[in-house]
Amino acid sequence: MMDCSKRVFIFSIFVIIVSYSSSVFAIEAGQPAPDFSLPSISGEEVRLSDFEGRLVLLKLGTTWCPTCKQLSAEISRVGNVLAENNVAFLDVFLKDSVAMVEEYLENTANPKNFHALLDDGQVARSYNIYLIPRLLLVDADRVVRFDSAGRSVSADEIAAMVRAHRPPVAAQGS
């Protein structure tokens, strides 16, 4: 039999976990997307705020994650939709080296407006990354409209989200 103090301790841990479980899903739709500044694999600094006025597809993952590769393939399938709607695609690699990312991208068709970025931990912390891949759609006002929170997302879903949240043509920036 478990004594009363052990039961209270286990129950307390359970309550803490349940209370904070929503923090696993860092950004809820409607919340502002935290800004960041990260180096691209070519060495230029890229900020999320550089793309204000445009839709941004933000993928967070790694080079070694099989489901991250599957998500990249789904995004590649809608490259024309992203280009037609002037969507910036920021692929943020969590704790991967330039060499790892270059090898990963070697035989990959990336859509127009693609940027491969190297996270030093700043984005992982800001966006509370526990599940990868993570796909977020950030609107022209830098508000999160979608967060996959680790679930699969199809090319059709991505295309539909882009079409639903694209800014008016006159509002789209460069």
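Scattering from the range 102-145 was approximated by placing one identical point on each alpha carbon and applying the Debye formula without solvent; log10 I(q)/I(0) at 0.32 1/Å stands at -1.16. Karplus-based coupling profile of the range 87-104, in residue order and whole Hz: 7, 7, 10, 9, 9, 9, 9, 8, 6, 9, 8, 4, 4, 4, 5, 4, 5, 4, with θ = phi - 60° in 6.51 cos²θ - 1.76 cosθ + 1.60 and x standing for Gly or Pro.
The phi torsions of the range 43-54, fed into the Karplus equation with coefficients 6.51, -1.76 and 1.60 and a -60° offset, translate into couplings of x, 7, 7, 10, 10, 4, 5, 4, 10, 4, x, 10 Hz, rounded to whole numbers, with Gly and Pro shown as x.
Rounded to the nearest Hz, the phi-derived 3J(HN,Hα) couplings of the range 131-141 under the Karplus curve 6.51 cos²θ - 1.76 cosθ + 1.60 (θ = phi - 60°) are 10, 10, x, 10, 10, 10, 10, 10, 7, 4, 9, where x marks glycine and proline.
Considering only alpha-carbon pairs that sit under 8 angstrom and 6 or more positions apart, the relative contact order computed for the range 31-171 is 34 percent.
Globularity index of the range 31-171 is 0.95 (Cα radius of gyration / 2.2 N^0.38 Å, N = number of residues).
Each value in this text was obtained by applying a stated rule to the coordinates, not by laboratory testing. Note that the structure is a prediction, hence the values are computed from the model and not measured.
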